[in-house]
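Contents: one structure, followed by commentary.
The values are calculated or read from the model by the stated rules, or taken from the named source; none is laboratory data. Remember, it's a predicted structure, so these values are computed and weren't measured experimentally. With ideal geometry, Cβ positions are generated from the backbone for all residues, glycine too; neighbour counts draw on all protein chains shown. Remember, those area values only see protein heavy atoms, side chains included, never the ligands or the DNA or RNA. Shrake-Rupley method; radii C 1.70, N 1.55, O 1.52, S 1.80 Å.
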Amino acid sequence: MDKEEEVKRQEVCEIGMKVWQRGYVAANDGNISVRLSDNTVLCTPTGISKGALIPEMICKVRLDGSVISENPPYKTSSEVKVHLRLYQEDSKVNAVVHAHPIYATAFAIGGKELVNKQMPENVLAMPVIPVAPYATPSTMQLAENIAPFVHGHTGCLMEMHGALSWGGSLLAAYQNMERLEYTAQLTYLCEQLGFKSRQLPEDEIQKLISMRPQYGL
């Protein structure tokens, strides 16, 4: 095992712990993956709490889904095909996080996209969080339903399921999940308080949008 793989196996475990500590998953829900420089992918095994991962549990697959290595009894998650479809769609995607954060998942159940133009941070980083149409988990149809959103977004809701985020690194993909769930919480609270209609002025929104390239967005 080379140094890159060793480091990224550890990073997957650390991100798994963050996801678990934040309450974004219950029991053994969710999965995490990261692309290696040789275009192979490390992914979390099925049936394991994201807060209990150790590097030896992490599986390794090719972009076509064929398994390179597993450490029995740990098996590659069947949901990795969704991750692989994102890697195939956009070479800039190097990590994917799937979780079931409570507020975001509630909006996913409702099939309601999140549009937040109330905070500069959201306009810059995640102004719209779309909803990918429902498909049975672990199917290629689910992967195909998500693929159209990859280029213009950094995360989406999965109808009746949960949330998915991606980025150029594991940390970026995880932080996009944090932003997604924060946006869902903020949207819910503003709706409850009657503030949902308050948004930044359109000229300010356009100014922020023009600033996105300098933030690498």
With a 1.4 angstrom probe the carbon and sulfur portion of accessible area for the chain, in percent, totals 54 percent
Here the tail fraction of P(r) beyond 15 Å, over all Cα-Cα pairs of segment 1-101, rounds in percent to 55 percent
Against the 2.2 N^0.38 Å rule of thumb, the C-alpha Rg of segment 147-214 sits at a ratio of 1.30
CD proxy, 222 nm, the chain: helix-only mean residue ellipticity via -39,500 (n - 2.57) per DSSP H run with n ≥ 4, per residue, nearest 500, stands at -12000 deg cm²/dmol
Per the 1/(1 + (r/R0)^6) rule, R0 = 25 Å and r from the Cβ atoms of residue 22 and residue 90, FRET efficiency to 0.05 is 0.45
Segment 3-215 accessible area per residue, 1.4 Å probe, protein heavy atoms, integer Å², reads 46 Å²
Taking N as the number of residues in segment 42-127, the ratio of its alpha carbon radius of gyration to 2.2 N^0.38 Å works out to 1.36
The rounded separation in angstrom of the Cα centers of segment 1-17 and segment 64-90 is 16 Å
In degrees, nearest 10, the alpha-carbon axis of helix 80-89 is tilted away from the dominant principal axis of the alpha carbons of the chain by 70 degrees
The local net charge around residue 9, scoring Lys/Arg +1 and Asp/Glu -1 for residues other than residue 9 whose Cβ lies under 12 Å from its Cβ, equals -4
Taking Rh as the Kirkwood radius computed over alpha-carbon pairs of the chain and applying Stokes-Einstein at 37 °C with viscosity 0.692 mPa s, one gets a diffusion coefficient in µm² s⁻¹ of 187 µm²/s
Mean-square fluctuation maximum in Gaussian network of the chain, Cα pairs under 10 Å, restricted to 72, 148, 130, hits 72
